[in-house]
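Contents: one structure, followed by commentary.
The values are calculated or read from the model by the stated rules, or taken from the named source; none is laboratory data. Note that the structure is predicted; figures quoted are calculated from it, not measured. Reconstructed Cβ throughout: ideal geometry from the backbone, glycine too, with neighbour counts over all protein chains shown. Calculation scope for accessible area: heavy atoms of the full protein, side chains included, ligands and nucleic acids excluded. Shrake-Rupley method; radii C 1.70, N 1.55, O 1.52, S 1.80 Å.
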Amino acid sequence: MSRLPVMSNKRVLTSNSSENSQELAPAQKKIRKDPDHVKPHAAATIIGGKRPPVAATRAPVSKPVRGVGAATVAVGPSRGVLKQSVASTAAKGNMKQPVASTGTKAGVGGTKRHAWDLKGKVSDMEGKIRNYQTKVKSVNQENEDLRGSVVQSQSRMAGLESNLERQRSQISEYEEKLHALSGVRDELERVSSEKSTLQKELSNLESKYKVMETLRDSQETELQTLKMKLSVQESTLTRLQVTLGDTEEEVRSLKETVTQQKDDLHAGEMERRQLHNIIQELKGNIRVFCRVRPLVSGGLSKHIMLPAGDKKMITLAKTEESHTGKTADTQKNYNFNFDRVFGPQTSQQEVFEEISLLVQSALDGYNVCCFAYGQTGSGKTYTMEGDEFDETKGVIPRAVQQIFRAAEKLGAQGWEFTFTASFVEIYNETLRDLLYTGKASKRPEHEIRKSTNNEVTITNLTYEKVSSEDQVLGLIALANQNRSTAQTAQNDRSSRSHSVFQLDIEGANAGRDVKCKSTLCLVDLAGSERMMKSQSQGDRFKEMTAINGSLSNLGIVITALANKESYVPYRNSKLTYLLQGCLGGNSKTLMFANIAPEPDSFGETLNSLRFASKVNDCVIGTASANRK
């Protein structure tokens with residue numbers, strides 16, 4: 001067992017005094033903090049098969065000892081495990097040794113020595129060395145025991161070092177693999193979630209699999225049957241392939257036939273329009289229908305007679321008293337003939353069926369005008385507009401419905417139509433826009449203008465593009481709200497103006513390079529009346545005067561046309577000026593003469609029928625289609 005040589009004061013001082021003073025200072029400071037010194041403990045644990053260097057735990061003391069060539073012995077616990085501070089100091093190889101300062105406390109008593117008192121510091125160190133020598137004796141005993149284990153540990157360490165090198169190489173390989181598998185963890189988590197989902201699906205599939213197993217047997221038998229059918233179908237396919245060429249040839253011939261039929265269909269449509277127009281011309285380009293309103297109380301009127309077998313004749317009977325008193329009362333009959341006479345029980349549908357062909361002419365490119373004439377309360381507005389129910393709809397909504405449905409059917413033949421609607425009234429010889437929705441104070445003024453191609457237009461009038469029946473019906477409802485009406489002695493809601501509904505139609509067939517343009521004009525005239533019967537006063541009297549004046553001018557124009565006069569006074573009133581294209585121009589015209597069945601309306605009924613007869617005698621020429 002080696003002994004630690006005892007250092008003398010002189011040998012310690014031979015070293016660099018400044019360095020020793022700085023290096024010893026921390027050691028002296030630690031000693032003063034631990035006055036009881038370190039109790040002996042068990043030997044320190046051997047790390048890696050070798051005992052750690054003893055000098056690492058007591059750097060200030062071992063450094064001067066190394067200077068004299070003696071063996072380095074760590075002064076520390078003799079038994080047990082090293083304290084955390086000592087073990088950590090030994091483990092860290094880059095830990096710097098503490099440097100003593102000149103101002104370090106010296107001695108056990110803690111008295112601080114001056115920096116120049118080197119002798120005192122040396123004596124303190126000698127006292128510490130004596131204490132350490134006592135501890136060294138116990139440590140030497142431990143060293144003897146440890147040397148035996150060191151030999152064994154060294155041999156073991158040699159094997160461990162070789163194993164360590166091998167393991168290091170493996171670790172480097174594992175690190176490379178770990179780097180390659182760094183993304184596996186996220187993938188594993190995703191796979192784990194998928195696994196749980198797949199497990200649930202697996203359980204469902206297992207249950208389905210059991211069902212499928214039962215189906216498999218039935219399908220196998222069915223497969224055998226299908227195989228037999230397949231063989232039959234293969235033979236059939238072979239036969240069909242043979243006939244396919246013949247079928248393709250037939251399809252080509254059918255396509256040619258379809259093309260030819262389309263041409264024939266177009267030619268047939270054009271021929272239909274021509275024949276339809278001929279029929280309408282044979283009936284007359286201006287026609288008059290008479291309609292008798294039913295009595296409010298029901299029953300039949302005695303002074304109006306409608307022959308059962310003749311639907312074109314109406315008779316008014318008037319009983320006249322004898323002026324002399326010697327003879328009995330006599331009955332005078334007034335007979336009238338029109339294109340059609342409708343009795344009180346005739347429905348709205350029956351009335352429209354008579355003019356439906358005339359409405360169809362509007363889509364064929366002909367201008368069509370239909371207007372209702374008669375005294376106040378004779379049913380003109382009911383004939384033209386009707387009620388909101390389907391059975392009681394009038395001529396205007398039914399005509400609009402027919403126009404749009406016929407246009408939809410013609411769309412299959414390549415026709416495309418655009419529609420523009422307008423609604424105007426003539427009130428006290430002033431034009432009013434019934435589709436105007438702005439402020440009444442800013443209502444524009446309107447004038448009737450005639451273009452170079454004899455088309456009548458109205459300035460500042462609202463023209464609405466429409467594409468469906470519902471849109472047109474909405475405009476009609478708006479116009480009815482804006483129309484001028486008032487209560488008279490003859491009618492609770494009498495129309496005080498003439499309303500004119502126009503639907504401009506433009507059609508084009510791009511494939512045939514054919515275009516057409518026409519106007520459907522539906523007019524509800526204001527009722528004619530006498531002041532004695534209507535008892536009109538103030539504004540009502542002014543309105544009545546304007547209405548009767550415009551109707552009188554209409555009669556004058558009709559008379560001029562019937563007499564074929566060279567000058568026809570269309571400009572005498574706004575009504576005749578607006579309808580000049582329908583009365584004496586390129587148009588097909590129909591007039592409804594509505595009469596009231598009450599006996600006290602005999603005079604107005606007779607005047608209406610006489611006026612209708614004048615219209616029926618007019619010849620306005622042959623209408624031509626507006627085609628390009």
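Some notes on this structure:
Every residue, every condition in (1) open to solvent by 60 Å² or more (accessible area, probe 1.4 Å); (2) at pLDDT 85 or above; (3) not acidic (Asp, Glu), yes or no:
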{"site": "Asp539", "(1), (2), (3)": "yes, no, no"}
{"site": "Lys542", "(1), (2), (3)": "yes, no, yes"}
{"site": "Gly549", "(1), (2), (3)": "no, yes, yes"}
{"site": "Ser552", "(1), (2), (3)": "yes, yes, yes"}
{"site": "Ile556", "(1), (2), (3)": "yes, yes, yes"}
{"site": "Leu561", "(1), (2), (3)": "no, no, yes"}
{"site": "Lys564", "(1), (2), (3)": "yes, no, yes"}
{"site": "Pro569", "(1), (2), (3)": "no, yes, yes"}
{"site": "Asn572", "(1), (2), (3)": "yes, yes, yes"}
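- Qualifying residue in the range 387-394 (condition: touching a residue at least 60 places away in the same chain (Cβ under 8 Å) and not polar (S, T, N, Q)): no
- Only listed residue being under 23 Å from Ile355 (Cβ atoms), free of Cβ contacts under 8 Å to residues at least 24 places away in the same chain and part of a helix (DSSP H, G or I), chosen from Ala477, Ala399, Ala406: Ala477
- When restricted to residues that are at pLDDT 90 or above and over 60 Å from the mean Cα position of the chain (by Cα), the range 574-601 contains 0.
- Matching residues in the range 599-612 - criterion: being polar (S, T, N, Q) and either farther than 17 Å from Lys332 by Cβ or surrounded by 19 or more Cβ atoms within 10 Å (Cβ to Cβ) (or both): Ser601, Thr605, Ser608
- Any hit, the range 354-369, residues being of a type outside the set (Asp, Glu), under 33 Å from the mean Cα position of the chain (by Cα) and more than 30 Å from Asp263 (Cβ to Cβ): no
- Checking Lys332, Lys302, Lys326 one by one, the residue that is at negative phi, open to solvent by 20 Å² or more (accessible area, probe 1.4 Å), modelled with pLDDT under 90 and touching a Lys or Arg at 6+ places or on another chain (Cβ under 7 Å) is Lys332 and no other.
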